[in-house]
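This report refers to the structure that appears directly beneath it.
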Amino acid sequence: MKRILAVLMFGILVSWPLTKVQADSEAVREKLQSSESADELRNEDITRMLNETTSSDVIIAKIAVSKVAFEVSPLQVEGLRKAGVPEAIIEAMVEAMRSRPGSAAPTLTQESQESLVPDGTRIEIECAYPMSSLHFKPGDEISFRVANAIIIDGIALIEAGATATGRIEKSKRGGHWGKAGLLTWTMKSVAAVDGSQIPLRVQPMRLRGDSKGAKVATGMIVTGALLPLIAPVALLHGFKRGGDAYIPAGKRYEVYADGAATVKKRGQ
């Protein structure tokens, strides 16, 4: 019995240091991994350095010599831009992640080739040619042109002169008794530099022609009063037509991008 106890005690004494060494090794390994993770540059480190007024050149140099774990999905990159991170730093972040072993290069490459037109971007358009309610019917498409290029981060994503397309909802020519013409339309989309169509958001546009109803009524009353024997002549005033709704070429309107739109940079 004493011999068995001695053997058991010997086994415990021998295995205990090994178990302790294994536990210590595991703890050291976890500490090293934690340290390595802490040494990696992340998105928040970049914004922190910018808030500390660190220059862009210094940040780009630090990115080049550091381990990185940036998040550079289109959504994350747009967040960096909104936070005021310069484009040169963003490009350095993307390039660092692209060079990282085992990185998913296709997503990053796509990001470097595209820019975003934010939701609600204001776009000024102008009538490309004279339009009249006399010449259109509901369902017809109409064209406007972009008055000023939309430039984001120094890149033109929608060029001046690009086509913006609308759709006629109502069209009525001027009628008898001086009734004014009516033209109502909505805007559908505008062409980006890569040929894609960016949806537009705007309240339906409405334009009325010149109403001559008051003039017609006045003419009938005056004619009937002065010439009672030929009062039926007053009815001729009822054939006077109201003005058609008319938009001159060059007339400008404001529309807005309906949702964020990704646009490929020219030449990509």
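Just so you know, all these numbers are worked out from the coordinates, no wet-lab data involved. Note that the structure is predicted; figures quoted are calculated from it, not measured. Backbone-built Cβ (ideal geometry, glycine too); neighbour counts: all protein chains shown.
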Between MET205 and ALA128, what length in nm is gained on full extension when 0.36 nm per residue of separation is reduced by their alpha carbon distance? 26.1 nm
What do you get for Rg/Rh of region 112-162 when both radii come from the Cα atoms and Rh is the Kirkwood radius? 1.12
Tell me which residues come under 5 Å, amide H to amide H, from ILE152 once H is placed; ignore anything under 5 positions away on its chain. LEU157
Dipole-positive endmost among GLY161, HIS135, ALA147 within region 128-177 (Cβ charges, Cα centre): HIS135
Report the full-extension gain for the segment ALA160 to ASP57: residue separation times 0.36 nm, less the Cα-Cα distance, to one decimal in nm. 33.7 nm
Whole-number D in µm² s⁻¹ for region 139-206, Kirkwood Cα-pair radius fed into Stokes-Einstein, 25 °C, 0.890 mPa s: 181 µm²/s
Label-point separation (nm) for LYS67 and LYS170, each offset 7 Å from Cα along Cα-to-Cβ? 6.8 nm
